[in-house]
Amino acid sequence: MIHCANITKRFADLTAVNNVTLEIPEGVCALVGPNGAGKSTLLKILTTLLPPNSGEVRIANIDIQKDPLAVRRIIGVMPEDLGLFDSLSIAEHLELSGPIYGLSMAETRTRSQQLLRVLGLTRSQKTFLSGCSHGMRKKTSLALALLHNPRVVFLDEPFEGIDPTTADTIRDLLASIANRGVTVFFTSHILRIVRSLATRTVMIRSGSVVWDSAATPDARPLEEVYSAFFEPSPTEEVDWLRSPSS
């Protein structure tokens, strides 16, 4: 479903994505790595938002550079900035998006209400995004990504900065749609969620893939595999941070 061959992206002297090759036929694939590893850049390339300097990407056998509009019709995207408008309500986001994908107003409303129920947003649907919590905004962006019944869903840090209940709701929904044949590709720093949701995990460092569970299975806990590839942050005693009474 997702085919990447030798993808490279440079920004001046910085190589953000370095010769990445991936073949993801189905399931839930998590892309993990530290900040600055190239996760968001790779996701933007896969979703046609950023052209690669070299390499080939095909989504459902469609070349993203030759026919980006065809790709956008069959994918759902939760971008890093969520892509929402503060002056619209949750329901208005969905009602305005459905016709863009060729849905009738009746179908848009039916699907919207189902998604709002599943994501626990029914009571808040008339709330403007300016008044929504971060978790509500995440769930609204996810609903937008799913409204048109995409074949592939791309999510940039869907579990970042949200409470455990919201995280569980999103995780369960993603697992459910994956069981129905939707391919899910998401980035995350939260290894607990990755371990419980992903059927495949890819680790990226300095723009290069350093480990792929499909190619190199490892019986160790995911946290141990991660630690083997990424050095922990340096620690230092900050001795001036102490109780005023000491």
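Just the Cα atoms of the range 1-97: what Rg and Dmax do they give in Å?
14.9, 44
Can you find, among GLN114, LEU103, PHE128, the residue farthest towards the positive end of the dipole of the range 80-129? Put +1 on the C-beta of Lys and Arg, -1 on that of Asp and Glu.
GLN114
Could you give the size of the charge dipole of the chain about its Cα centre, using +1 on the Cβ of each K and R and -1 on the Cβ of each D and E, expressed in debye and rounded to the nearest 20?
860
Cβ under 13 Å from LEU49's Cβ, LEU49 left aside: what net charge do those residues give with Lys, Arg +1 and Asp, Glu -1?
0
Rounded, prolate or oblate: which fits the range 138-203 when a ≥ b ≥ c are the square roots of the eigenvalues of the alpha-carbon gyration tensor, with rounded for a/c under 1.5 and prolate only if a/b beats b/c? Could you put the intermediate results ahead of the total?
Values: a/c = 1.60, a/b = 1.17, b/c = 1.37.
Because a/c hits 1.5 or more and a/b fails to exceed b/c, the range 138-203 counts as oblate.
What order do you get for 186-197, 53-64 when each peptide is scored by the mean count of other beta carbon atoms within 10 Å, highest first?
Final packing ranking: 186-197, 53-64.
As a footprinting exposure proxy, order HIS3, HIS134 by other Cβ within 10 Å, with the fewest listed first.
Ranking HIS3, HIS134 by Cβ neighbours within 10 Å, fewest first, gives HIS134, HIS3.
Computed from these coordinates, which is semi-axes √(5λ) of the Cα gyration tensor in Å: (i) 25, 22, 18; (ii) 28, 21, 18; (iii) 30, 26, 17?
(iii)
Grab the other residues whose beta carbon is less than 14 angstrom from that of LEU94, score K and R as +1, D and E as -1, and report the net.
+3
Looking at this model, which pairs from LYS9/LYS66; LYS44/LYS138; LYS66/LYS139; LYS44/LYS139; LYS39/LYS126 are more than 28 angstrom apart at the alpha-carbon? Show your work: numbers first, answer last.
Numbers: LYS9/LYS66 18 Å; LYS44/LYS138 18 Å; LYS66/LYS139 32 Å; LYS44/LYS139 20 Å; LYS39/LYS126 34 Å.
Flagged as over cut-off: LYS66/LYS139; LYS39/LYS126.
No lab work stands behind these numbers, since they all come straight from the coordinates. Small disclaimer: the values here were computed from a predicted structure and weren't measured. Glycine also receives a Cβ, built like all others from the backbone with ideal geometry; neighbour counts cover every protein chain displayed.
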